[in-house]
1. Determine if the stretch 253-274 includes at least one residue that is in contact with a Gly (Cβ under 9 Å, 6 or more places away or on another chain), farther than 23 Å from Glu20 by Cβ and in contact (Cβ under 8 Å) with a residue 40 or more places away in the chain.
2. Only one of Ser83, Ser91, Ser98 is closer than 19 Å to Lys3 by Cβ and of a type in the set (S, T, N, Q). Can you tell me which?
3. Taking the conditions exactly as written (within 20 Å of Thr183 (Cβ to Cβ) and not aromatic (Phe, Trp, Tyr)), does Ser227 satisfy them or not?
4. Filter the stretch 242-258 for residues that are in contact with a helix residue (DSSP H, G or I) (Cβ under 9 Å, 6 or more places away or on another chain) and either hydroxyl-bearing (Ser, Thr, Tyr) or not assigned by TED's automatic domain parsing to the domain that holds Val180 (or both) and give the result.
5. Only one residue in Val136, Val212 is at pLDDT 95 or above, crowded, with 23+ Cβ neighbours inside 10 Å and β-branched (Val, Ile, Thr). Which one?
6. Can you say whether Ile86 is buried (at least 19 other Cβ atoms within 10 Å of the Cβ), under 21 Å from Ala194 (Cα atoms), in the same structural domain as Ser253 (by TED's automatic domain parsing) and of a type in the set (A, V, I, L, M), as far as the supplied structure shows?
7. I'd like the full set of residues that are of a type in the set (D, E, K, R) and either under 13 Å from Glu293 (Cα atoms) or not in a strand (DSSP E or B) (or both), limited to the stretch 267-282.
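The values are calculated or read from the model by the stated rules, or taken from the named source; none is laboratory data. Values in this document were obtained by computation on a predicted structure and should not be read as measured data. Don't worry about glycine lacking a Cβ; one is built from the backbone with ideal geometry, like all the others, and counts go over all protein chains shown.
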Amino acid sequence: MDKTVIVTGADGFIGHHFVEHLLVTRPSWRQHLICSFSHGGVAERLTRAPRIAQALAAGQVEVHVADLTRPLSRQLVQRVVGSDVIVNFASRSHVDTSLAEPAAFFRDNVDIALNVLELARALEPGLVVQISTDEVYGPAAAGTRHVEWDPIVPSNPYAASKAAQEAAAAAWWRAYDVPVLITNTMNNIGERQAAEKFVPMIIRRVQRGEVVPIHAVRDGDQWIVGSRHYLHARNHADAVLFLIDHFAGNVPSYRYAKSEKPLRFHIAGEHEIDNLTLAQHVAEAVGKPLVHELHDAHSARPGHDLRYALDASALAELGWRAPVDLWQSLARTVRWTLANPEWLD
């Protein structure tokens, strides 16, 4: 059955990959894209991605420019009446910026969540997907993975602001029966990513023969390198669509004692890889040697965690599998970025 989907933050890295994925897999669905083109949003993610540009020209998707830190205008709300699903990708997401401007950063992300949830109260869609992060849990100890609804212990203002977004989503689910589903994901890679992110930074520095900093912590005479479960943004988009297919119009309610907590699923890559190994694979794909230095994570980047790990077995048990594995995704990302070097600036 065809749906109308509101995508907030569609000018962001992961958001625009979701828009593109819907155009490929659900071409008859209508999309309303709510974008601020600030806080990391880039118009060229929409205008330079061929499928999205074609859909814009054809009127298949509609862009609404709005500052989501402010309540949406009555006129915009009227234009998106009848939407079946809201997917909230909109968020400020740069940890370093959150450390430099903690109060303003935190308020912005909380206001974004509140305004999206109030939009949901007005529209009464069948599903609201709140996109969140692994960072809300804080670091994962060696050999462990966080499961859904583990204690929330964020390490920096960005992670805390995402935890606050989750808390608001849960409260609106309980108080107003907003059909919320929360997802937590790990580090995403892919085309058109912000240049300061880890993979584009590696590509740029390897190309120029510059040193790539790798964060680690010293344990006696040895270094322990930070690690993540990396995931291509299109795989992330596929998982979100999978959840929409399963739960749109079918979200358990708290108000009638059908459930005690809103739905939550972890979306994670299948391989844990340390950051030095990742850098070596990127350098190999670039075709130049890796020159690197290990930097103490705690002194170089206070508020950053050495290891994140999510248990994504609940989503796997539901039947989802990543369409493209990490190594294919990484090679494709490097090839595309080398062919489009303007995204490294």
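1. Filtering the stretch 253-274 for residues in contact with a Gly (Cβ under 9 Å, 6 or more places away or on another chain) gives 274.
Still in the list and also farther than 23 Å from Glu20 by Cβ: 274.
Next, from what is left, pick out any that are in contact (Cβ under 8 Å) with a residue 40 or more places away in the chain: 274.
Yes, that holds for at least one residue.
2. Values: Ser91 fails: closer than 19 Å to Lys3 by Cβ; Ser98 fails: closer than 19 Å to Lys3 by Cβ.
Result of the check over Ser83, Ser91, Ser98: Ser83.
3. Details: within 20 Å of Thr183 (Cβ to Cβ): no; not aromatic (Phe, Trp, Tyr): yes.
Answer is no for this residue.
4. Within the stretch 242-258, the subset in contact with a helix residue (DSSP H, G or I) (Cβ under 9 Å, 6 or more places away or on another chain) is 242-243, 246, 251, 253-255.
Passing the criteria: Ser253, Tyr254.
5. Numbers: Val212 fails: crowded, with 23+ Cβ neighbours inside 10 Å.
Val136 is the lone residue from the list that is at pLDDT 95 or above, crowded, with 23+ Cβ neighbours inside 10 Å and β-branched (Val, Ile, Thr).
6. Numbers: buried (at least 19 other Cβ atoms within 10 Å of the Cβ): yes; under 21 Å from Ala194 (Cα atoms): no; in the same structural domain as Ser253 (by TED's automatic domain parsing): yes; of a type in the set (A, V, I, L, M): yes.
In short, no.
7. Across the stretch 267-282, the qualifying residue is only Glu270.
Residue-by-condition table, conditions (1) crowded, with 22+ Cβ neighbours inside 10 Å; (2) in contact with a Ser or Thr (Cβ under 6 Å, 6 or more places away or on another chain); (3) free of Cβ contacts under 8 Å to residues at least 60 places away in the same chain; (4) over 28 Å from Ala10 (Cβ atoms):
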{"site": "Glu101", "(1), (2), (3), (4)": "no, no, yes, no"}
{"site": "Asp111", "(1), (2), (3), (4)": "no, yes, yes, no"}
{"site": "Gly126", "(1), (2), (3), (4)": "no, no, no, no"}
{"site": "Ile131", "(1), (2), (3), (4)": "yes, yes, no, no"}
{"site": "Ala142", "(1), (2), (3), (4)": "no, no, no, yes"}
{"site": "Arg145", "(1), (2), (3), (4)": "no, no, no, yes"}
{"site": "Asp150", "(1), (2), (3), (4)": "no, no, yes, yes"}
{"site": "Ser155", "(1), (2), (3), (4)": "no, no, no, yes"}
